[in-house]
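The values are calculated or read from the model by the stated rules, or taken from the named source; none is laboratory data. Keep in mind the model is a prediction, meaning the values are calculated, not measured. Virtual Cβ from ideal backbone geometry, glycine too; neighbours counted across all protein chains shown.
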Amino acid sequence: MKPVYILAIESSCDETAAAVVKNGREVLSSIISSQIDLHTIYGGVVPEIASRKHIEKINPVITEALQQADIRLEEIDAVAVTCGPGLVGSLLVGVSAAKAIAYAVKKPLIGVHHIEGHVSANYISHPELEPPFMSLVVSGGHSHIVVVKDYGEYEIIGRTHDDAAGEAFDKVARAIGLGYPGGPKIDKLAREGNRFAIAFPRAHIEGCPYDYSFSGVKSAVLNYLNQQEMKGEDVNKADVAASFQEAVVDVLATKAAAAANAFGYDKIALAGGVACNTALRAKMEEICSSERIKLYYPEPILCTDNAAMIGAAGYYEYIKGVTHGWDLNAVPNLKLGEKI
């Protein structure tokens, strides 16, 4: 069978990324230009700054990805690009570049859902993994429990009612003075603290056993900090970080495992930026081991935004014959499973 080479582009937030992926599972190149330093001083991503930096970096990143893979544009089989969800200005830069390249070299264009890309990162790290399986998608914008029925076929059975887990991490990190990005900094500081020092709440939503809510635990942390300040007592930031993180990962892991058991799946794949979190991985390994569920998660570089995961997802669309026209647009609020 002739190998299939996908040129993939990702620019949904503040990473400009391009990759060349062979047969959906072998990464020949993966280039990521991060903007973290630019946005750190603002405490979060500034959309206008992100868009401008994408424009500056998109062509050099694509060129480097092709050079590293030692492949010419004419040799690729299709161009895959994230078209949503994400920041609309950032998405437009990647979509416009992908459309221009695909048109110039007369190759198929494939729009990819960003979260589908995160799920597909597991196919790169675990070539033996195939649907069906359960996926826990945890990022700055999403906290979903998803049944992966087949390649490109998903059913969401649990979702957040308010803040996503990653968003809660960022807000709590800001509150205790860690700054941006919050997730990795809380993960690091929490290792120095006692995760049972403070009893922060776990939200359980009546009638929605697999849904999440993280605004309550975020508010509980803010209230605790305010109370300590009013009483003139010192705050052990490591204990706060560890206790908050324990509350979040406990409910994430418990509900994901319960959903897998209820729906009859013996495989769970973590996906999204928060899948890097060491406490979440440890908690998932503990629960999955006791429930005899096989756990998968990508290596850290594939958890955060990258184009290799978009190439993996794009490959399975390509072999199904799914391509898109020149009217492909950026869809900032694109839902998982929604037709592109």
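Within segment 170-179, being farther than 12 Å from residue 240 by Cα, assigned to a helix (DSSP H, G or I) and touching a residue at least 60 places away in the same chain (Cβ under 8 Å) holds for 170, 174. Restricting segment 245-270 to residues that are surrounded by fewer than 19 Cβ atoms within 10 Å (Cβ to Cβ) and in contact with a Lys or Arg (Cβ under 7 Å, 6 or more places away or on another chain), which is farthest from residue 294 (Cα to Cα)? It comes out as 250.
Residues in segment 229-244 that are in contact with a helix residue (DSSP H, G or I) (Cβ under 7 Å, 6 or more places away or on another chain), assigned to a helix (DSSP H, G or I) and free of Cβ contacts under 8 Å to residues at least 60 places away in the same chain were compared, and the one that is nearest to residue 295 (Cα to Cα) is 242.
What do you reckon, is residue 178 outside the structural domain of residue 38 (by TED's automatic domain parsing), modelled with pLDDT of 95 or more and surrounded by fewer than 21 Cβ atoms within 10 Å (Cβ to Cβ)? Quick ask: steps written out before the conclusion?
Details: outside the structural domain of residue 38 (by TED's automatic domain parsing): yes; modelled with pLDDT of 95 or more: no; surrounded by fewer than 21 Cβ atoms within 10 Å (Cβ to Cβ): yes.
When the stated conditions are applied, residue 178 does not pass them.
In segment 267-283, what residues are out of contact with any Ser or Thr (no Cβ under 9 Å at 6 or more places or on another chain) and among the small types (Gly, Ala, Ser)? Answer for segment 267-283, where residues must be out of contact with any Ser or Thr (no Cβ under 9 Å at 6 or more places or on another chain) and among the small types (Gly, Ala, Ser): 279, 282.
The rows are residues; the columns are (1) among the small types (Gly, Ala, Ser); (2) assigned to a helix (DSSP H, G or I).
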{"position": "29", "(1), (2)": "yes, no"}
{"position": "48", "(1), (2)": "no, yes"}
{"position": "51", "(1), (2)": "yes, yes"}
{"position": "55", "(1), (2)": "no, yes"}
{"position": "93", "(1), (2)": "no, yes"}
{"position": "116", "(1), (2)": "no, yes"}
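Against the list (1) assigned by TED's automatic domain parsing to the domain that holds residue 202; (2) within 15 Å of the chain's Cα centre (by Cα); (3) among the small types (Gly, Ala, Ser), the condition residue 84 fails is (1). From the list 108, 132, 184, 127, the one residue that fits, being in contact (Cβ under 8 Å) with a residue 60 or more places away in the chain, touching a His at 6+ places or on another chain (Cβ under 9 Å) and of a type outside the set (A, V, I, L, M), is 108. When segment 147-200 is filtered for residues that are over 29 Å from residue 338 (Cα atoms) and among the hydroxyl-bearing types (Ser, Thr, Tyr), only 180 remains.
Yes or no: segment 274-285 includes at least one residue that is among the charged types (D, E, K, R), surrounded by 15 or more Cβ atoms within 10 Å (Cβ to Cβ) and within 17 Å of the chain's Cα centre (by Cα).
Here is the first cut: in segment 274-285, the residues among the charged types (D, E, K, R) are 281, 283, 285.
This time we only want the ones that are surrounded by 15 or more Cβ atoms within 10 Å (Cβ to Cβ), so: 281, 283.
Filter again for within 17 Å of the chain's Cα centre (by Cα), leaving 281.
Looking for residues that are among the charged types (D, E, K, R), surrounded by 15 or more Cβ atoms within 10 Å (Cβ to Cβ) and within 17 Å of the chain's Cα centre (by Cα), one finds at least one in segment 274-285, hence yes.
Does at least one position in segment 143-158 carry a residue that is assigned to a loop (DSSP other than H, G, I, E, B), within 25 Å of residue 40 (Cβ to Cβ) and either small (Gly, Ala, Ser) or in contact (Cβ under 8 Å) with a residue 12 or more places away in the chain (or both)? Looking through segment 143-158, none of the residues is assigned to a loop (DSSP other than H, G, I, E, B), within 25 Å of residue 40 (Cβ to Cβ) and either small (Gly, Ala, Ser) or in contact (Cβ under 8 Å) with a residue 12 or more places away in the chain (or both).
Is it the case that segment 38-53 has a residue that's polar (S, T, N, Q) and either modelled with pLDDT of 95 or more or within 30 Å of residue 153 (Cβ to Cβ) (or both)? Please lay out each step first, then the result.
So the first thing to find is which residues in segment 38-53 are polar (S, T, N, Q), and the list is 40, 51.
Filter again for either modelled with pLDDT of 95 or more or within 30 Å of residue 153 (Cβ to Cβ) (or both), leaving 51.
Yes, there is a match, as at least one residue in segment 38-53 is polar (S, T, N, Q) and either modelled with pLDDT of 95 or more or within 30 Å of residue 153 (Cβ to Cβ) (or both).
All told, residue 126 falls short of being within 30 Å of residue 266 (Cβ to Cβ), surrounded by 18 or more Cβ atoms within 10 Å (Cβ to Cβ) and either modelled with pLDDT of 95 or more or of a type outside the set (A, V, I, L, M, F, W, C) (or both). Of the residues making up segment 1-51, just one is among the basic types (Lys, Arg), buried (at least 16 other Cβ atoms within 10 Å of the Cβ) and free of Cβ contacts under 8 Å to residues at least 60 places away in the same chain, namely 22.
Surrounded by 24 or more Cβ atoms within 10 Å (Cβ to Cβ), acidic (Asp, Glu) and modelled with pLDDT of 95 or more, is that true of residue 75? Spelling it out, it is not the case that residue 75 is surrounded by 24 or more Cβ atoms within 10 Å (Cβ to Cβ), acidic (Asp, Glu) and modelled with pLDDT of 95 or more. Yes or no: residue 192 surrounded by fewer than 19 Cβ atoms within 10 Å (Cβ to Cβ) and within 27 Å of the chain's Cα centre (by Cα)? So residue 192 passes the test. Among the residues of segment 180-196, those that are within 15 Å of residue 140 (Cβ to Cβ) and either of a type outside the set (Val, Ile, Thr) or part of a loop (DSSP other than H, G, I, E, B) (or both) comprise 180, 181, 182, 183, 184, 185, 187.
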